[in-house]
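The values are calculated or read from the model by the stated rules, or taken from the named source; none is laboratory data. Bear in mind that the values here come from a model prediction, so they are computed numbers and not experimental data. Neighbour counts run over all protein chains shown; Cβ positions are idealised from the backbone, glycine included. Please note that ligands, DNA and RNA were not included when accessible areas were found on the heavy atoms of the full protein model with its side chains. Shrake-Rupley method; radii C 1.70, N 1.55, O 1.52, S 1.80 Å.
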Amino acid sequence: MKPEEISHKNILFSALNWGMGHVARSISIIDQLLKQGNKVTIAASNQQRQIYATYFPSIHFVLHEDYPFNFGAKGNFGFDLIKSSCTLFQRYREERTFVEKYVFENAIDLVLSDHRYGFYSNKVSSIFITHQINLPLSYFEKPIQLLHKKLLRNFNEVWVLDTEESEFAGKLSKKTSGIICTYIGIQSRFKLYPIQEKKTIDLVVVISGPSPYNSLYFKEMFDKYPKAFFILPTEIEINSLEERFVHSSDWKRCDEVILAAKKICSRSGYSTLMDIYYLAIPYLISPTPGQAEQRYLCEFMAKKKPAI
């Protein structure tokens, strides 16, 4: 089942909260589902709701708490994950209870989860959205890979954000046995806009990802490109009224800036990469420390297309 095949359904949707990339990439999917006569309820935190409401002011929301997780400052993502495992599992159990109750009480036909492992129902079809069928883990981390695939099998189907040839995510999106995969191509919120032919900004630097990595990245990029336009997370404060410093809380203004960019500099998060692919913008990317997925994608993109 593909997004274009779904119409006049009552859909419950939620996205992971680790950064805003999961929110960003789901906007085009939600837009398509709404245009096909579906009723979509978004289960979101208050921060996620503010973003979605920018694009869908009339859509129905229900409060749904984030997954608790703290990134350390040393780039040890795996260790940070282990430290949070108990609270993550508790949140997973709470999420399972929430979804089953909401599906039953609100006559939901379909559940969509952008990388929330506990956001599925045993009562109705449930679809997991990801670009990672295979996690970029070492041999010693094989148990995590097995757990990942076991959790995916709780869903009826996986929507893979790539082509069947794994053109954009490489080995991460390769089909594996025991999991029903439907490849839905790359997704970008910029599908909601007409392509802007005239580019007026030489370089836009997108500062994204979790703290404290984003502030370190901003310092590094500002030293290199002091005259660039910067899109900044809200926790980074700038004592300047210059229009080239745009906070990510103003998503429509961020969209205007990116659409006008001749070149993009960013982290190699997959959601940002899909925007770059879709807009066909020259780029310069680097991975967030400790995130093997971004390191792999950075290397994969370097082989696909030269950077700026």
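Which listed residue (Thr54, Leu112, Ala228) has the Cα farthest towards the positive end of the charge dipole for the chain, taking +1 on Lys and Arg C-beta and -1 on Asp and Glu C-beta about the Cα centre?
Leu112
Net charge near Ser14: determine it from the other residues with C-beta under 10 Å of the C-beta of Ser14, scoring Lys and Arg +1 and Asp and Glu -1.
Net charge around Ser14: -1.
Kyte-Doolittle cut-off 0.0, length cut-off 20 Å along the helix's own axis using Cα: show which whole DSSP H helices in the chain pass.
21-35
Any idea what % of Cα-Cα pairs in the chain are farther than 38 Å?
Summing the P(r) of the chain above 38 Å gives 10 percent of all pairs.
With a 1.4 Å probe and all protein chains left in place, how much accessible area per residue does the range 138-181 have, in Å²?
Result: 59 Å² per residue.
Say each of Asn239 and Phe61 gets a label point 7 Å from the Cα, pointing the same way as Cα to Cβ; how far apart are those two points in nm?
Going from the Asn239 label point to the Phe61 one covers 3.3 nm.
Please report the carbon-and-sulfur percent of the accessible area for the range 247-308; probe 1.4 Å, protein heavy atoms only, DNA, RNA and ligands left out.
After summing per-atom areas, the C and S share lands at 54 percent.
When only C-alpha pairs under 8 Å and at least 6 residues apart count, what is the relative contact order of the chain, in percent?
Dividing the mean separation by the residue count of the chain yields 17 percent.
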